[in-house]
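One structure below.
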(Lines give C-alpha, C1' and ligand atoms only; values in the text may rest on other atoms or scores of the structure.)
Protein backbone atom coordinates (compact mmCIF):
# COMPACT_ATOMS: atom_id res chain seq x y z
CA UNK A 1 0.00 0.00 0.00
CA UNK A 2 1.31 3.43 -1.02
CA UNK A 3 0.21 6.39 1.10
CA UNK A 4 0.95 10.05 0.35
CA UNK A 5 0.05 12.76 2.82
CA UNK A 6 0.07 16.32 1.47
CA UNK A 7 0.43 18.85 4.28
CA UNK A 8 0.56 22.64 4.54
CA UNK A 9 -1.40 22.98 1.30
CA UNK A 10 -3.76 25.65 0.02
CA UNK A 11 -6.51 23.38 -1.28
CA UNK A 12 -8.36 24.61 -4.38
CA UNK A 13 -11.64 22.68 -4.53
CA UNK A 14 -13.75 23.34 -7.66
CA UNK A 15 -16.73 21.35 -6.33
CA UNK A 16 -17.24 23.40 -3.19
CA UNK A 17 -15.60 26.52 -4.68
CA UNK A 18 -13.39 26.70 -1.60
CA UNK A 19 -9.85 28.00 -1.29
CA UNK A 20 -8.53 27.14 2.17
CA UNK A 21 -5.52 25.66 3.98
CA UNK A 22 -5.63 21.93 4.59
CA UNK A 23 -4.12 18.52 3.98
CA UNK A 24 -4.87 15.65 1.60
CA UNK A 25 -4.28 11.91 1.93
CA UNK A 26 -3.83 9.59 -1.04
CA UNK A 27 -3.96 5.80 -0.71
CA UNK A 28 -2.95 3.66 -3.70
CA UNK A 29 -3.56 6.47 -6.17
CA UNK A 30 -6.98 7.47 -4.84
CA UNK A 31 -7.95 10.38 -2.58
CA UNK A 32 -8.84 9.02 0.87
CA UNK A 33 -10.75 10.28 3.89
CA UNK A 34 -8.97 13.15 5.65
CA UNK A 35 -6.39 11.88 8.14
CA UNK A 36 -6.26 13.43 11.62
CA UNK A 37 -2.61 12.44 11.94
CA UNK A 38 0.12 11.19 9.64
CA UNK A 39 -0.87 7.64 8.62
CA UNK A 40 1.65 4.91 9.40
CA UNK A 41 4.03 4.36 6.51
CA UNK A 42 2.87 7.51 4.70
CA UNK A 43 5.20 9.66 2.64
CA UNK A 44 4.71 13.23 3.82
CA UNK A 45 4.81 15.98 1.16
CA UNK A 46 5.05 19.53 2.49
CA UNK A 47 3.36 21.84 -0.01
CA UNK A 48 4.89 24.94 1.55
CA UNK A 49 1.60 26.81 1.56
CA UNK A 50 1.27 26.59 -2.21
CA UNK A 51 -1.90 25.67 -4.11
CA UNK A 52 -2.90 22.03 -4.52
CA UNK A 53 -5.68 21.51 -7.07
CA UNK A 54 -7.12 18.79 -9.29
CA UNK A 55 -5.05 18.24 -12.42
CA UNK A 56 -6.31 20.06 -15.50
CA UNK A 57 -8.53 18.11 -17.91
CA UNK A 58 -7.61 19.75 -21.22
CA UNK A 59 -10.33 19.23 -23.82
CA UNK A 60 -9.36 19.62 -27.49
CA UNK A 61 -5.62 18.96 -27.77
CA UNK A 62 -4.00 18.32 -31.15
CA UNK A 63 -1.37 15.57 -31.13
CA UNK A 64 0.55 14.71 -34.29
CA UNK A 65 0.31 10.93 -34.10
CA UNK A 66 -0.42 9.49 -36.57
CA UNK A 67 0.78 11.51 -39.55
CA UNK A 68 2.47 14.57 -38.05
CA UNK A 69 4.77 13.17 -35.40
CA UNK A 70 7.38 15.81 -36.28
CA UNK A 71 5.04 18.44 -34.82
CA UNK A 72 4.04 16.61 -31.65
CA UNK A 73 4.27 13.02 -30.44
CA UNK A 74 2.41 11.34 -27.61
CA UNK A 75 5.61 11.45 -25.56
CA UNK A 76 6.35 15.15 -26.12
CA UNK A 77 2.70 16.10 -25.58
CA UNK A 78 2.61 14.02 -22.40
CA UNK A 79 5.75 15.67 -21.03
CA UNK A 80 4.40 19.11 -21.91
CA UNK A 81 1.09 18.32 -20.24
CA UNK A 82 2.75 17.10 -17.04
CA UNK A 83 4.89 20.25 -16.91
CA UNK A 84 1.75 22.36 -17.37
CA UNK A 85 -0.37 20.70 -14.69
CA UNK A 86 -2.51 18.91 -17.30
CA UNK A 87 -3.07 15.37 -16.04
CA UNK A 88 -5.77 14.34 -18.54
CA UNK A 89 -5.54 15.20 -22.24
CA UNK A 90 -8.64 14.93 -24.42
CA UNK A 91 -7.17 14.63 -27.91
CA UNK A 92 -8.77 15.73 -31.16
CA UNK A 93 -9.29 13.35 -34.10
CA UNK A 94 -7.78 15.69 -36.71
CA UNK A 95 -4.87 13.35 -37.38
CA UNK A 96 -3.68 11.78 -40.63
CA UNK A 97 -5.53 9.52 -41.07
CA UNK A 98 -8.40 10.85 -39.00
CA UNK A 99 -9.53 8.86 -35.97
CA UNK A 100 -12.67 7.60 -37.71
CA UNK A 101 -12.48 3.82 -37.24
CA UNK A 102 -12.15 1.60 -34.17
CA UNK A 103 -8.81 0.33 -35.50
CA UNK A 104 -7.24 3.81 -35.62
CA UNK A 105 -8.72 4.64 -32.22
CA UNK A 106 -7.30 1.46 -30.69
CA UNK A 107 -3.88 2.26 -32.21
CA UNK A 108 -3.68 5.80 -30.79
CA UNK A 109 -5.04 4.63 -27.43
CA UNK A 110 -2.31 2.00 -27.18
CA UNK A 111 0.44 4.40 -28.33
CA UNK A 112 -0.65 7.05 -25.84
CA UNK A 113 -0.64 4.59 -22.94
CA UNK A 114 2.87 3.43 -23.89
CA UNK A 115 4.45 6.84 -24.43
CA UNK A 116 2.79 9.49 -22.26
CA UNK A 117 3.16 10.01 -18.48
CA UNK A 118 -0.36 11.52 -18.26
CA UNK A 119 -3.78 10.18 -19.16
CA UNK A 120 -4.69 10.64 -22.84
CA UNK A 121 -8.24 9.96 -24.03
CA UNK A 122 -9.54 10.54 -27.53
CA UNK A 123 -12.50 11.99 -29.33
CA UNK A 124 -13.39 10.34 -32.63
CA UNK A 125 -14.48 11.88 -35.92
CA UNK A 126 -18.21 12.48 -36.36
CA UNK A 127 -18.03 11.85 -40.12
CA UNK A 128 -15.69 9.70 -42.18
CA UNK A 129 -12.46 11.50 -42.99
CA UNK A 130 -13.92 14.54 -41.16
CA UNK A 131 -15.43 15.45 -44.55
CA UNK A 132 -18.91 16.15 -43.23
CA UNK A 133 -20.85 13.72 -45.42
CA UNK A 134 -21.06 10.15 -44.12
CA UNK A 135 -21.25 9.46 -40.39
CA UNK A 136 -18.73 7.20 -38.69
CA UNK A 137 -19.60 3.97 -36.86
CA UNK A 138 -20.44 5.85 -33.68
CA UNK A 139 -21.51 2.76 -31.74
CA UNK A 140 -18.33 0.80 -32.48
CA UNK A 141 -16.19 3.85 -31.69
CA UNK A 142 -17.99 4.29 -28.37
CA UNK A 143 -17.24 0.66 -27.56
CA UNK A 144 -13.57 1.29 -28.45
CA UNK A 145 -13.36 4.16 -25.95
CA UNK A 146 -14.26 7.36 -27.82
CA UNK A 147 -15.36 10.06 -25.37
CA UNK A 148 -17.10 12.31 -27.90
CA UNK A 149 -17.48 12.90 -31.63
CA UNK A 150 -16.26 15.89 -33.59
CA UNK A 151 -14.95 16.94 -36.97
CA UNK A 152 -12.93 19.65 -35.24
CA UNK A 153 -12.33 22.81 -37.22
CA UNK A 154 -13.82 21.23 -40.37
CA UNK A 155 -17.42 22.49 -40.35
CA UNK A 156 -19.81 20.52 -42.53
CA UNK A 157 -21.92 22.33 -45.11
CA UNK A 158 -24.11 19.21 -45.48
CA UNK A 159 -26.78 19.95 -42.88
CA UNK A 160 -28.81 16.88 -43.80
CA UNK A 161 -25.85 14.59 -43.17
CA UNK A 162 -25.16 16.42 -39.93
CA UNK A 163 -28.76 15.97 -38.79
CA UNK A 164 -28.50 12.21 -39.39
CA UNK A 165 -25.29 12.09 -37.36
CA UNK A 166 -26.90 14.07 -34.52
CA UNK A 167 -29.91 11.75 -34.54
CA UNK A 168 -27.79 8.62 -34.43
CA UNK A 169 -25.57 10.06 -31.70
CA UNK A 170 -28.68 10.88 -29.68
CA UNK A 171 -29.91 7.30 -29.91
CA UNK A 172 -26.62 6.12 -28.38
CA UNK A 173 -26.24 8.92 -25.84
CA UNK A 174 -23.03 10.08 -27.54
CA UNK A 175 -21.75 13.63 -27.08
CA UNK A 176 -21.37 15.70 -30.27
CA UNK A 177 -18.75 18.47 -30.25
CA UNK A 178 -18.95 21.16 -32.94
CA UNK A 179 -16.93 24.21 -33.91
CA UNK A 180 -19.50 27.01 -34.30
CA UNK A 181 -18.63 28.84 -37.52
CA UNK A 182 -20.51 29.46 -40.76
CA UNK A 183 -17.95 27.80 -43.07
CA UNK A 184 -18.48 29.80 -46.26
CA UNK A 185 -18.52 33.17 -44.53
CA UNK A 186 -15.43 32.37 -42.47
CA UNK A 187 -13.44 30.82 -45.34
CA UNK A 188 -10.07 32.54 -45.77
CA UNK A 189 -10.52 34.79 -42.76
CA UNK A 190 -7.29 35.36 -40.84
CA UNK A 191 -8.53 38.08 -38.48
CA UNK A 192 -11.79 39.41 -37.09
CA UNK A 193 -13.38 42.09 -39.27
CA UNK A 194 -13.11 45.62 -37.99
CA UNK A 195 -10.89 48.68 -38.07
CA UNK A 196 -7.74 46.81 -37.08
CA UNK A 197 -8.03 44.14 -39.80
CA UNK A 198 -8.87 46.80 -42.39
CA UNK A 199 -5.91 48.95 -41.35
CA UNK A 200 -3.55 45.96 -41.59
CA UNK A 201 -5.06 44.68 -44.80
CA UNK A 202 -5.72 41.22 -43.38
CA UNK A 203 -8.54 39.07 -44.86
CA UNK A 204 -11.19 39.07 -42.16
CA UNK A 205 -14.30 37.23 -41.02
CA UNK A 206 -17.27 38.81 -39.30
CA UNK A 207 -17.90 37.69 -35.71
CA UNK A 208 -21.49 37.05 -36.86
CA UNK A 209 -20.17 33.89 -38.57
CA UNK A 210 -19.80 32.32 -35.13
CA UNK A 211 -23.39 33.14 -34.19
CA UNK A 212 -24.67 31.79 -37.51
CA UNK A 213 -22.82 28.51 -37.04
CA UNK A 214 -24.01 28.17 -33.45
CA UNK A 215 -27.63 28.94 -34.39
CA UNK A 216 -27.59 26.14 -36.98
CA UNK A 217 -26.08 23.67 -34.51
CA UNK A 218 -28.60 24.57 -31.82
CA UNK A 219 -31.49 24.19 -34.25
CA UNK A 220 -30.24 20.67 -34.98
CA UNK A 221 -29.99 20.00 -31.24
CA UNK A 222 -33.55 21.21 -30.78
CA UNK A 223 -34.69 18.92 -33.59
CA UNK A 224 -32.75 15.81 -32.57
CA UNK A 225 -32.31 16.32 -28.79
CA UNK A 226 -28.65 15.34 -29.13
CA UNK A 227 -26.09 16.00 -26.41
CA UNK A 228 -24.02 18.93 -27.70
CA UNK A 229 -20.90 20.90 -26.80
CA UNK A 230 -19.73 24.04 -28.63
CA UNK A 231 -15.96 23.85 -28.50
CA UNK A 232 -15.13 27.57 -28.75
CA UNK A 233 -17.45 30.49 -28.07
CA UNK A 234 -15.39 33.64 -28.57
CA UNK A 235 -17.80 36.47 -29.46
CA UNK A 236 -20.50 38.38 -27.61
CA UNK A 237 -22.81 37.85 -30.61
CA UNK A 238 -23.04 34.11 -29.86
CA UNK A 239 -23.94 34.39 -26.18
CA UNK A 240 -27.70 35.14 -26.47
CA UNK A 241 -28.27 31.99 -28.56
CA UNK A 242 -26.33 29.90 -26.06
CA UNK A 243 -28.30 31.40 -23.18
CA UNK A 244 -31.64 30.67 -24.89
CA UNK A 245 -30.64 27.05 -25.56
CA UNK A 246 -29.72 26.45 -21.94
CA UNK A 247 -32.87 28.17 -20.70
CA UNK A 248 -34.92 25.92 -22.99
CA UNK A 249 -33.46 22.86 -21.29
CA UNK A 250 -31.39 21.60 -24.22
CA UNK A 251 -28.46 19.38 -23.29
CA UNK A 252 -25.90 21.99 -24.30
CA UNK A 253 -22.53 23.09 -22.90
CA UNK A 254 -19.86 25.39 -24.27
CA UNK A 255 -16.15 26.04 -24.00
CA UNK A 256 -13.67 28.72 -24.95
CA UNK A 257 -9.92 28.90 -25.40
CA UNK A 258 -7.41 30.32 -22.98
CA UNK A 259 -6.00 32.50 -25.77
CA UNK A 260 -9.35 34.17 -26.45
CA UNK A 261 -9.68 34.88 -22.73
CA UNK A 262 -6.28 36.51 -22.38
CA UNK A 263 -5.45 38.06 -25.80
CA UNK A 264 -7.26 40.25 -28.32
CA UNK A 265 -6.97 41.22 -31.97
CA UNK A 266 -4.50 44.04 -31.25
CA UNK A 267 -1.95 41.43 -30.17
CA UNK A 268 -1.52 40.52 -33.85
CA UNK A 269 0.62 43.67 -34.01
CA UNK A 270 2.91 43.64 -37.00
CA UNK A 271 1.54 40.40 -38.48
CA UNK A 272 2.86 38.11 -35.75
CA UNK A 273 1.88 34.65 -36.95
CA UNK A 274 2.20 33.04 -33.49
CA UNK A 275 -1.03 34.96 -32.74
CA UNK A 276 -2.88 33.55 -35.76
CA UNK A 277 -5.53 31.23 -34.31
CA UNK A 278 -8.77 29.45 -35.23
CA UNK A 279 -11.08 31.28 -34.75
CA UNK A 280 -9.08 34.53 -35.00
CA UNK A 281 -8.50 36.68 -31.96
CA UNK A 282 -11.44 38.95 -31.20
CA UNK A 283 -12.01 42.50 -29.99
CA UNK A 284 -11.40 43.52 -26.39
CA UNK A 285 -15.17 43.93 -25.98
CA UNK A 286 -15.67 40.31 -27.04
CA UNK A 287 -12.92 39.13 -24.69
CA UNK A 288 -14.54 40.86 -21.73
CA UNK A 289 -17.96 39.45 -22.65
CA UNK A 290 -16.59 35.89 -22.76
CA UNK A 291 -14.90 36.34 -19.37
CA UNK A 292 -18.22 37.54 -17.92
CA UNK A 293 -20.06 34.56 -19.45
CA UNK A 294 -17.51 32.23 -17.91
CA UNK A 295 -17.88 33.85 -14.50
CA UNK A 296 -21.68 33.55 -14.76
CA UNK A 297 -21.49 29.87 -15.75
CA UNK A 298 -22.93 30.38 -19.24
CA UNK A 299 -19.64 29.12 -20.66
CA UNK A 300 -18.56 25.93 -18.93
CA UNK A 301 -15.04 25.01 -20.03
CA UNK A 302 -11.62 26.60 -20.53
CA UNK A 303 -9.30 24.63 -22.83
CA UNK A 304 -5.90 25.20 -24.37
CA UNK A 305 -6.69 24.09 -27.94
CA UNK A 306 -3.04 23.12 -28.13
CA UNK A 307 -2.19 23.12 -31.85
CA UNK A 308 1.49 22.51 -32.64
CA UNK A 309 2.93 23.97 -35.84
CA UNK A 310 6.53 23.76 -37.02
CA UNK A 311 8.68 26.76 -37.86
CA UNK A 312 8.24 26.30 -41.62
CA UNK A 313 4.46 26.59 -41.38
CA UNK A 314 4.59 29.70 -39.18
CA UNK A 315 7.44 31.62 -40.86
CA UNK A 316 5.19 32.65 -43.73
CA UNK A 317 3.16 35.74 -44.67
CA UNK A 318 0.29 36.12 -42.20
CA UNK A 319 -2.43 34.98 -44.61
CA UNK A 320 -0.52 31.81 -45.52
CA UNK A 321 0.78 30.83 -42.07
CA UNK A 322 -0.74 27.86 -40.26
CA UNK A 323 -3.17 28.82 -37.48
CA UNK A 324 -2.86 27.60 -33.90
CA UNK A 325 -0.61 27.74 -30.87
CA UNK A 326 0.87 25.32 -28.36
CA UNK A 327 -0.58 25.80 -24.89
CA UNK A 328 -0.28 22.67 -22.72
CA UNK A 329 2.47 24.35 -20.68
CA UNK A 330 1.01 27.85 -20.74
CA UNK A 331 -2.67 27.24 -19.95
CA UNK A 332 -2.18 27.56 -16.19
CA UNK A 333 0.00 30.72 -16.10
CA UNK A 334 -2.24 32.29 -18.73
CA UNK A 335 -5.29 31.49 -16.58
CA UNK A 336 -3.56 33.19 -13.67
CA UNK A 337 -3.97 36.44 -15.60
CA UNK A 338 -7.71 36.08 -15.05
CA UNK A 339 -7.13 35.42 -11.34
CA UNK A 340 -4.75 38.32 -10.78
CA UNK A 341 -7.05 40.68 -12.70
CA UNK A 342 -9.87 39.76 -10.32
CA UNK A 343 -12.10 38.24 -13.02
CA UNK A 344 -12.23 34.68 -11.62
CA UNK A 345 -11.28 32.97 -8.36
CA UNK A 346 -8.94 29.98 -8.39
CA UNK A 347 -11.81 27.54 -7.64
CA UNK A 348 -13.80 29.04 -10.53
CA UNK A 349 -10.82 28.60 -12.86
CA UNK A 350 -10.35 24.97 -11.86
CA UNK A 351 -14.08 24.33 -12.14
CA UNK A 352 -13.79 25.37 -15.80
CA UNK A 353 -10.43 23.68 -16.47
CA UNK A 354 -10.89 20.44 -14.51
CA UNK A 355 -14.29 19.66 -12.96
CA UNK A 356 -16.64 20.76 -15.75
CA UNK A 357 -14.82 19.01 -18.62
CA UNK A 358 -14.50 15.84 -16.53
CA UNK A 359 -18.20 15.89 -15.66
CA UNK A 360 -19.31 16.52 -19.23
CA UNK A 361 -17.17 13.66 -20.52
CA UNK A 362 -18.14 11.28 -17.73
CA UNK A 363 -14.67 11.10 -16.17
CA UNK A 364 -13.91 10.72 -12.44
CA UNK A 365 -11.05 13.25 -12.54
CA UNK A 366 -11.17 16.99 -11.87
CA UNK A 367 -12.02 16.96 -8.16
CA UNK A 368 -10.54 16.60 -4.67
CA UNK A 369 -13.36 14.47 -3.27
CA UNK A 370 -12.86 11.11 -1.56
CA UNK A 371 -12.49 8.18 -4.00
CA UNK A 372 -11.46 10.44 -6.89
CA UNK A 373 -8.22 9.61 -8.72
CA UNK A 374 -5.26 11.43 -7.19
CA UNK A 375 -4.54 13.51 -10.30
CA UNK A 376 -3.11 16.67 -8.77
CA UNK A 377 -1.15 19.80 -9.53
CA UNK A 378 0.88 21.83 -7.04
CA UNK A 379 1.48 25.40 -8.21
CA UNK A 380 2.45 28.87 -7.07
CA UNK A 381 -0.04 31.36 -8.56
CA UNK A 382 2.22 34.31 -7.81
CA UNK A 383 5.61 33.07 -9.05
CA UNK A 384 6.81 35.39 -11.84
CA UNK A 385 8.83 34.21 -14.82
CA UNK A 386 9.74 35.17 -18.37
CA UNK A 387 8.31 32.76 -20.94
CA UNK A 388 10.97 31.31 -23.22
CA UNK A 389 9.50 29.11 -25.91
CA UNK A 390 12.71 27.15 -26.33
CA UNK A 391 12.33 25.72 -22.82
CA UNK A 392 8.94 24.16 -23.68
CA UNK A 393 8.64 20.37 -23.73
CA UNK A 394 6.52 20.45 -26.89
CA UNK A 395 8.28 19.64 -30.14
CA UNK A 396 6.72 22.74 -31.69
CA UNK A 397 7.41 26.11 -30.09
CA UNK A 398 4.62 28.27 -31.53
CA UNK A 399 3.40 30.05 -28.41
CA UNK A 400 2.07 33.62 -28.52
CA UNK A 401 3.41 34.10 -24.99
CA UNK A 402 7.08 33.89 -26.02
CA UNK A 403 8.96 36.63 -24.18
CA UNK A 404 5.94 37.54 -22.05
CA UNK A 405 6.13 38.19 -18.32
CA UNK A 406 3.83 35.67 -16.64
CA UNK A 407 2.82 34.59 -13.15
CA UNK A 408 1.95 31.09 -12.03
CA UNK A 409 4.44 28.25 -12.01
CA UNK A 410 3.68 24.53 -11.83
CA UNK A 411 5.79 22.97 -9.08
CA UNK A 412 4.74 19.31 -9.40
CA UNK A 413 2.10 17.05 -10.96
CA UNK A 414 0.77 13.62 -10.01
CA UNK A 415 -1.31 11.12 -12.00
CA UNK A 416 -2.98 8.44 -9.92
CA UNK A 417 -0.68 9.37 -7.03
CA UNK A 418 2.43 8.92 -9.18
CA UNK A 419 4.65 11.96 -9.57
CA UNK A 420 5.02 12.79 -13.28
CA UNK A 421 6.66 16.21 -13.01
CA UNK A 422 8.65 18.25 -10.52
CA UNK A 423 10.05 21.68 -11.26
CA UNK A 424 13.81 22.02 -11.05
CA UNK A 425 13.43 25.62 -9.89
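Here are the numbers:
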| read-out | value |
| --- | --- |
| Options 224, 235, 262; residue that is over 17 Å from the mean Cα position of the chain (by Cα), buried (at least 16 other Cβ atoms within 10 Å of the Cβ) and within 20 Å of residue 325 (Cα to Cα) | 235 |
| Wholly enclosed helices (runs of 4 or more DSSP H) of region 160-273 bearing at least 1 residues closer than 29 Å to residue 405 by Cα | 195-200, 258-262 |
| Any pair with Cβ under 6 angstrom, 6 or more apart, that starts in region 117-131 at a residue that is touching a residue at least 24 places away in the same chain (Cβ under 8 Å) and on the phi > 0 side of the Ramachandran plot and ends at one that is buried (at least 22 other Cβ atoms within 10 Å of the Cβ) and not in a strand (DSSP E or B) | 129/98; 130/98; 130/151 |
| Unmet requirement for residue 351, which otherwise passes all of (1) farther than 27 Å from residue 389 by Cα; (2) in a loop (DSSP other than H, G, I, E, B) | (2) |
| Single unsatisfied condition, residue 305 versus (1) out of contact with any strand residue (DSSP E or B) (no Cβ under 6 Å at 6 or more places or on another chain); (2) on the phi > 0 side of the Ramachandran plot | (1) |
| Residue in region 138-158 that is surrounded by the fewest Cβ atoms within 10 Å (Cβ to Cβ), counting only those that are out of contact with any helix residue (DSSP H, G or I) (no Cβ under 7 Å at 6 or more places or on another chain) and more than 11 Å from residue 123 (Cβ to Cβ) | 143 |
| Residue in region 364-412 that is surrounded by the most Cβ atoms within 10 Å (Cβ to Cβ), counting only those that are more than 30 Å from residue 272 (Cα to Cα) and touching a helix residue (DSSP H, G or I) at 6+ places or on another chain (Cβ under 8 Å) | 366 |
| Some residue of region 277-285 being over 20 Å from residue 167 (Cα atoms), at pLDDT 95 or above and in a helix (DSSP H, G or I) | yes |
| Residue count, region 10-26 (criterion: over 30 Å from residue 256 (Cβ atoms) and in contact (Cβ under 8 Å) with a residue 40 or more places away in the chain) | 1 |
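The values are calculated or read from the model by the stated rules, or taken from the named source; none is laboratory data. Note that the structure is predicted; figures quoted are calculated from it, not measured. A quick note on method: Cβ atoms are made from the backbone with ideal geometry, for glycine too, and the neighbour counts reach across all protein chains shown.
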